[in-house]
Amino acid sequence: MAHSEREFMFDGKPVGYFEERELPRVPGRYRYMPYRGLGHYEMQRRRQAGSNPRCYYETGDVRVSFAVCDCPEYGVLELCDFESSPRNDA
């Protein structure tokens, strides 16, 4: 699976990509490679301000969104509150 297929977004901006082949669908800790850019910066800024920012990825005709509950160490996110819905452009 290419990096672009494992990429996730925050407010329409790329944040990074998940390192495991299986995309996350249940609460837990997941390794990811962060991008140096506005999406990652804004997501972390909101998290540090006390909120649980919602991110998403798209696969096939489904958008999977989730909340970022914590970032216990560099390259690891704790995710929760998963939701699936049809893609807007599908």
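Read the figures in this text as sums done on the coordinates, not as results from a lab. Predicted, not measured: the structure shown is a model, and the values here were computed from it. Every residue, glycine among them, receives a Cβ derived from its backbone with ideal geometry; neighbour counts consider all protein chains shown.
Taking Lys and Arg as +1 and Asp and Glu as -1, the other residues whose beta-carbon sits under 9 Å from that of R6 total -3.
Ranked by the mean number of other Cβ atoms within 10 Å per residue, highest first, peptides 29-37, 8-16 order as 8-16, 29-37.
Can you check what the net charge comes to around R31, using other residues whose Cβ is under 15 Å from the Cβ of R31 (Lys, Arg +1; Asp, Glu -1)? Before the final figure, lay out the partial values.
On the way: positive: R6, R21, R29; negative: E7, E19, E20, E22, D70, E73, E78.
So the surrounding residues net to -4.
What do you get for the angle between helix 38-48 and the principal long axis of the chain? Use alpha-carbon atoms, 0 to 90 degrees, nearest ten. Taking the Cα atoms of the chain, the angle to 38-48 is about 50 degrees.
Express the C-alpha Rg of the chain as a ratio against the empirical globular expectation 2.2 N^0.38 Å, rounded to two decimals.
So the Cα radius of gyration is 0.99 times the expected 2.2 N^0.38 Å.
Here the Gaussian network model covers the chain, with springs between Cα atoms less than 10 Å apart; of E42, E58, E73, E73 fluctuates the most.
Whole angstrom only: what separates the Cα centroid of region 53-87 from the Cα centroid of region 1-34? So the separation of the two Cα centres works out to 8 Å.
What full-extension length gain, to one decimal in nm, is calculated for L38 and S4 as 0.36 nm per residue of separation minus the Cα-Cα distance? Show your work: numbers first, answer last.
On the way: separation 34, 0.36 × 34 = 12.24 nm, distance 1.72 nm.
Value of the extension gain: 10.5 nm.
The Rg/Rh ratio for region 1-54, using Cα coordinates for both the radius of gyration and the Kirkwood hydrodynamic radius, is 0.96.
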